[in-house]
Amino acid sequence: MIFKIAKTELLLNIMTFKFAVGTIVCVVLMAVFMPVLVNDYQQRLNDYNRNVIANDAILRSVKVYKNITPTVYRRPSVLSVFSEGLEKRLGNSTKIEYESVPQINMAITADNPFLSIFPSLDVSLIFKIVLSLLVLLFAYDVISGEREQGTLKLIMSSSLPRYHFLLGKIIAGLITLALPVTIAFIIGLLILEFSPMVDLTGSDWARIGLIYIGSLVFISAMYNVGLLFSALAKESAVSLMLALLFWVVSVIVIPNASVRFAAHIRSLQSRVKIESEIESSIENLKEIEGPKVRQQIVGLTRGGASMGKGAFGRIYVGLIDRSEVEFRMKMYTLGDYFSIKCADKTWEIENGYLNDLLRQKELAENVSRISPISLYGNVMSAISGSDFAGFQSFIDGAKTYRNQVFEYIRTKTDNLTSPSYFTACTEEEMREYEERRNKVNNALDEAEKKKAWEAFVKWVKDTIARQPALGLHDLPRFNYQSSVLSGLRRAALDLGLLMFINVLFLALSFIAFVRYDVRSN
Amino acid sequence: MIRNIIGKEILNNLLSLRFILSLLLIISLFATGGFMFVGKHWQESNDYWRDTNRNLSSLREHTNHLYELVTFRQVVWRRPKPLSICAEGFENTLPDRFSFDPFTWDLPEVRSRSNFLLPHFSDIDWVFTISLIVSFVALLLTYDSICGEKLSGTLRLMLAGSIPRHKILLGKYFGAMLTVGIPLLIGLLISLIIVVFYRVVEIDTGQCFKILAIVLLSLLYISIFVLSGIFISSRSHKSASSMVVLLLVWVGLVILIPSFGRIIAGTFNKIPARVDMESRVTEAIKQIRENPDKFGKGAGSYHSHEDNPPATAKYYDAQVDARNAIMDEYLQQMVDQAKTGRYYTCISPAIIYQRASEAIAGVGVHRIADLCQQIKRYQENLKEYIRSKDAEDSDSLHLLFQFPSDWVAENWHAISDKQVDFDNVPKFQERDLALGQSLKLAIWDIGLLALFNLVFFTASFVSFLRYDVR
């Protein structure tokens, strides 16, 4: 009997105006959104590819180990078309250097701060807003509508148990609603799959599958909510009002108010204060470390050195006197250790600030979990990898890579004791550099001195230009992976809550329906 | 007769569940918004005055010699506005820190307490509540205004009398407007009472008029949704289908179309990346530096036997001009890009309403752009002041330019080294636009909202005249 009811209901549903309009709107929106979002993704991917190639090219031209300061980039996630999350708001790159520890940061790339007046756009918007509305429009009159028409009285006059009727309605409703979701998904995926530059891997397909399942759980949760309103109200107009007000509160009021509430309750420190804190702790470090450094380099013999333009906008020692080597070595090694200390100190303070931001964000998220729509949004961004944890794993990867690069430099330079750490100058070049400089110094008259100086300058320029790059073929490559499983783990809580809403509202609707007065006026 | 219909409509609505629920929702949002505004404004004002006083005390420290004013870099902050209770204009995520010296300025930065990990939402200001919630409530109250009466058979009865159709329509319209107006006005009053009670802001007469203008604008906006509700209701014969269509129209106009703003802005008005702009600046300066002799022998050199102050002044002026030209252009491009997004999405009344209220309240993108212009004018005033003070010192070379180093400032005597009176030094102060100027900015948007009203009114009038009441 359940299936008979489900079949009749399904056929009735499919013939309705709201189903036709809802499905067409979902399909049209997907057909409009997807190409726009894919195009945006392609642009970001292009930028990413260009940056990676440029960075590799510069890396190949590095001449001294000290200058290995590449930038690593986070590949834009193709699934960001489903859920934008933090994709465009957080920095997609970080520099690997002594002076800073990779840290999650605001995107400072090409983005125009004035564009923050616009809300984000992604596929989840169609489901979160249009579909959830459609679901409630289907569910609001499931029971109260039948009562108004008088058909509920007829059905209940037979021997049919009430839960059969309810289950039949639910099955029909869910199948009806799964149709536009599935059609929209198929259209979206076809557009995505056949777009140039988009390469969906096995892991992406698994994630898309999870997003699809998550979407079904979400519409089922919303359907059960609508069902409860329908079972609580005697008239469909009342249940419609309740459903719509619930919707507007879930879609607009809760997500927005939770953010404002969190910002209000957990106030942040001002950036000015954080920056002055960093500045003063660096000053402190300088006061402590400065004398130690001076003590170690005082008395070391000085000679001369000529600098060359190095990779990543840095300079390096192109040519150097042998007598100067020890001084420079000490200076650079101590300087870099000092930079690492400063970077660690800065990171410590910045990390404290970031934790404040995170606590505020978590509070906002927890409050917004009252709304099933926020829960669904969280599921989508966790599975798509565009949530905070997705970025954190990139930054963790960058931190590991930073250590690998430092280790590589240490191995290659005998723990920073080889001159190749800071100079590309060979033994012969050192000798010749000294000889040529002496020639300038020992010139007898001004004319000879000028001539010798010009020859010296030209030789320095040519020699520095000729110096070979390190190649760095064995430098570890940056690699980071975010697995489907970790995404699922992060989505588990919200997915679980959505399922809980399903069960809770189903149970409540069941109780309400069992006590429902089926008599029409 | 119209009065009777209006009275009946209001009474009908007031007793309905939808009205009571909407009333509660709207009032609680206005009250929450009011309390949040009080807390936020208090904190922002504290921050603002602390940072502004810090800037002023640094400025005071740089008045020992006139030339110090030339090299001193000021940092000014965006002043929290009392009218952001009405329209906050997404200022949480807009730049708020402006740093400059008399010659150059940096691109404004976002340094407030905003959290970049949180979604970019506006505050719960009036515009938020009205554009999203009150407009929705307007639909809930009007979706069955015509077809509902038809279904219950009362429309036929009413038209059987001698009442002309347009009177029924007007009665319905004013009835719905007054019904929406009640929670709206109660909410606005509560919000204002909270703000006044906590005394975090002082609202002067000009601001009172601006608030009044925003309230009128809000009524104009809400009227669009009331009219569209009546229109769709008079086009359909079942209230359920009228609701479906109205909801889709609302979702499209108020939520989906505004979401396209960023993508549209990026597609129709692509601007170079910030790094590209910075490398353009570097390149322009490099070109000038490659050929310093163009400005006279010894231009650009200091602390050497070739020093030529007038030529060096020209040389650095050229660099400043080159930098400023590129920066001005880039700032304009950024602002234009955001405006493009708004421009193309203004088929949505929500966007038009948002833009108009921002203009009247003096917040948002336009305000930031205007603030940058005010800073440029202040730079000129400051330079004018330095010149006038410098003219009093006969020992000075009277060469006002961006000094490349402190050494030049201290040794060349390009500008007087006499002490200046801090009280006479011009200080930067953001100026608000007068009501007239604000309205002038919003005039097109007000016109557009009126046009929407007219279109929907005509449409509902025509549909209702042809409506089959059977």
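The values are calculated or read from the model by the stated rules, or taken from the named source; none is laboratory data. What you are looking at is a predicted structure, and each value in this text was computed from that prediction instead of being measured. All Cβ positions, glycine included, derive from the backbone under ideal geometry; neighbour counts span all protein chains shown.
Odds and ends about this structure:
- When restricted to residues that are outside any loop (DSSP other than H, G, I, E, B), surrounded by 13 or more Cβ atoms within 10 Å (Cβ to Cβ) and among the β-branched types (Val, Ile, Thr), region A:399-424 contains 4.
- Listing of helices (runs of 4 or more DSSP H) fully contained in region B:94-212 that carry 3 or more residues being at pLDDT below 90: B:147-152, B:154-160, B:165-198
This table checks each residue for (1) within 14 Å of chain A (Cβ to nearest Cβ); (2) surrounded by fewer than 20 Cβ atoms within 10 Å (Cβ to Cβ); (3) more than 32 Å from the chain's Cα centre (by Cα).
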position	(1), (2), (3)
B:MET243	yes, no, yes
B:ASP276	yes, yes, no
B:SER279	yes, yes, no
B:LYS297	no, yes, yes
B:ALA313	no, no, yes
B:VAL320	no, yes, no
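- Of all residues in region B:85-108, those that are under 28 Å from B:GLN207 (Cβ atoms) and either surrounded by 21 or more Cβ atoms within 10 Å (Cβ to Cβ) or within 8 Å of chain A (Cβ to nearest Cβ) (or both) total 14.
Residue by residue, here is whether (1) farther than 25 Å from A:PRO70 by Cα; (2) away from chain B (no Cβ under 14 Å) holds:
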site: A:ASN378; (1), (2): yes, no
site: A:GLU407; (1), (2): no, yes
site: A:PHE422; (1), (2): no, yes
site: A:GLU427; (1), (2): yes, yes
site: A:ARG437; (1), (2): yes, yes
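- When region A:345-361 is limited to residues that are without any contact (Cβ under 8 Å) to a residue 24 or more places away in the chain and of a type outside the set (S, T, N, Q), the one that is nearest to the other protein chains (Cβ to nearest Cβ) turns out to be A:GLY352.
- Check on A:VAL123, under 17 Å from the mean Cα position of the chain (by Cα), within 12 Å of chain B (Cβ to nearest Cβ), buried (at least 22 other Cβ atoms within 10 Å of the Cβ) and under 18 Å from A:VAL38 (Cα atoms): yes
- Scanning region B:367-399 for residues that are on the phi < 0 side of the Ramachandran plot and either touching an Asp or Glu at 6+ places or on another chain (Cβ under 7 Å) or aromatic (Phe, Trp, Tyr) (or both) yields B:LEU371, B:GLN374, B:TYR378, B:TYR385, B:SER396.
- Out of A:LYS234, A:LYS169, A:LYS153, sole residue that is in contact (Cβ under 8 Å) with a residue 60 or more places away in the chain, crowded, with 20+ Cβ neighbours inside 10 Å and farther than 26 Å from A:ALA492 by Cβ: A:LYS169
- Meets criteria (within 14 Å of another protein chain (Cβ to nearest Cβ), within 30 Å of A:VAL367 (Cα to Cα) and crowded, with 22+ Cβ neighbours inside 10 Å) for A:ALA221: no
- With respect to the conditions (1) hydrophobic (A, V, I, L, M, F, W, C); (2) more than 14 Å from every other protein chain (Cβ to nearest Cβ); (3) within 22 Å of A:PRO119 (Cα to Cα); (4) free of Cβ contacts under 8 Å to residues at least 40 places away in the same chain, B:ALA356 falls short on a single one, namely (4).
- Near pairs, Cβ below 8 angstrom, 6+ apart or cross-chain, from region B:235-254 (in a loop (DSSP other than H, G, I, E, B)) to any residue that is surrounded by 21 or more Cβ atoms within 10 Å (Cβ to Cβ): B:SER236/B:CYS147; B:SER236/B:SER242; B:HIS237/B:CYS147; B:HIS237/B:LYS150; B:LYS238/B:CYS147
- Scope region B:281-295; condition under 42 Å from the mean Cα position of the chain (by Cα) and free of Cβ contacts under 8 Å to residues at least 40 places away in the same chain; matching residues: B:THR282, B:GLU283, B:ILE285, B:LYS286, B:GLN287, B:ILE288, B:ARG289
- Of the listed requirements (1) closer than 14 Å to B:ILE271 by Cβ; (2) touching a strand residue (DSSP E or B) at 6+ places or on another chain (Cβ under 9 Å); (3) within 13 Å of chain A (Cβ to nearest Cβ), B:MET327 misses just one: (3).
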